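Okay, so here's the structure we're looking at.
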Amino acid sequence: MDTRLLRTTLTVNALATAASGVTLGLGAVPLAPVFGLPAPLPLAVFGAALVGFAFYVWRVRREPVDLAQARAVFVMDVAYVIASVGLIVGWPQALSSLGRVGVALMADVVAVFAFFEFVGLRRASRGSVRAHA
């Protein structure tokens, strides 16, 4: 089972997500008005949630990679992208213009993670099917 691409993608995902979470959590007070939020609490909570997710992704990337848990990360990443688009399109007044750009950029990065997770899962699944044949 070839999990190199999947493990690398999950590693980068975990590190980038942790960095984003720490940045949003610790920078919630100055960033809230930039994002158009009335208070820093939503950013602080979101940052903490990202750090928690990053720990989960970090655990999933360890050998041997549990493909079911890796699929769960993929599904959550896709859901994040869909929710981000829904927020920007369905509730544009919730954020400032810069806040909407920030959400869109984060969703773009997560979509790239999801793409490589999908490819990595396919490669790993093909390898495990061949190993069992």
Every residue from region 41-79 that is of a type outside the set (A, V, I, L, M) and either closer than 20 Å to residue 5 by Cβ or part of a loop (DSSP other than H, G, I, E, B) (or both)
56, 58, 59, 61, 62, 63, 64, 66, 69, 71, 74, 77
Find all pairs meeting these conditions: Cβ atoms under 8 angstrom apart; at least six residues apart or on different chains; first residue within region 28-51 and under 19 Å from residue 17 (Cα atoms) and β-branched (Val, Ile, Thr); second residue surrounded by 15 or more Cβ atoms within 10 Å (Cβ to Cβ) and modelled with pLDDT of 95 or more.
51/17; 51/18; 51/21; 51/22; 51/25
Determine whether region 61-72 contains at least one residue that is in contact (Cβ under 8 Å) with a residue 40 or more places away in the chain, closer than 22 Å to residue 22 by Cα and touching a helix residue (DSSP H, G or I) at 6+ places or on another chain (Cβ under 9 Å).
yes
Qualifying positions in region 113-127 - surrounded by fewer than 15 Cβ atoms within 10 Å (Cβ to Cβ), hydrophobic (A, V, I, L, M, F, W, C) and without any contact (Cβ under 8 Å) to a residue 60 or more places away in the chain
115
Counted residues in region 99-109 being among the aliphatic types (A, V, I, L, M) and under 15 Å from residue 23 (Cβ atoms) come to 4
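The values are calculated or read from the model by the stated rules, or taken from the named source; none is laboratory data. As the structure is a prediction and not an experimental result, all values here were calculated from the model. Virtual Cβ from ideal backbone geometry, glycine too; neighbours counted across all protein chains shown.
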